[in-house]
1. In Å, the Kirkwood hydrodynamic radius of the stretch 21-92 over pairs of distinct alpha carbons?
2. How many percent of all Cα-Cα pairs in the stretch 71-214 sit more than 25 Å apart?
3. Within 10 Å of each residue's Cβ, count the other Cβ atoms and sort Glu20, Glu84, Glu209 from fewest upward.
Amino acid sequence: MQSKHAISGRARGQLPLAREGWPFIIAVVALLLLCIVLCWWAAASIAALLLAFILNFFRDPERKTPNDPCAFIAPADGRVIRSESIGGVWHVDIFMNVFNVHVNRAPMSGRLTHMHYFPGAFVNASFDKASEHNERNSFTLLSDSGESVTFTQIAGLIARRIVSYVAVGDHVQAGQRIGMIRFGSRVDCRIPENYEVSVAVGDKVVAGESVLARGTENA
């Protein structure tokens, strides 16, 4: 059953702004125009700043994804806050601040075999406990190369909605848009240990472009 915080959808436009941003943009533009008409210049200045923030947050630029079936591509923009092997699996976690692009992308080409939404809290997404306690939406993908990988959208301190553009059974291409998280969050990746991870804590990565790890064709 779908939660109001995890909504599936297959249709996706190619606008430079994520469609989820348009209600906010329209509302703030209306507020800005009202303030100008009424000569509320201080309020208009605040509305203009808010509009700039919203336009920046919901931007959705095109990305050039590497054509490498063995590469695990970053599903999110942001900073790597964990990169370590635990229990035979690589844990690579990416923290997105409010200034990062928040549209998430498929890390590999393959079929989505499982999606699971977990209700939860909204602690700071940079904390390790956010992986277990925060509201999140987890994807399992069977890649075209035969590997099973998992990546999880996790809500943050002020994020209040996780959105998915895909559903179980969909075949996705590496770099394809698969969802977004509104207003600050993280994406956790679980990668097979036989992959060679190429990022470290503190690295900045770009969704759909940066290679987090690479396996072999015979992995």
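1. 16.0
2. Within the stretch 71-214, distances greater than 25 Å cover 16 percent of Cα pairs.
3. Ordered from fewest to most neighbouring Cβ atoms within 10 Å, Glu20, Glu84, Glu209 come out as Glu84, Glu209, Glu20.
None of the figures in this text is laboratory data; all of them are computed from the coordinates on show. Since we're looking at a predicted model, the values are computed, not measured. So basically every Cβ, Gly included, is an ideal-geometry build from the backbone, and we count neighbours across all protein chains shown.
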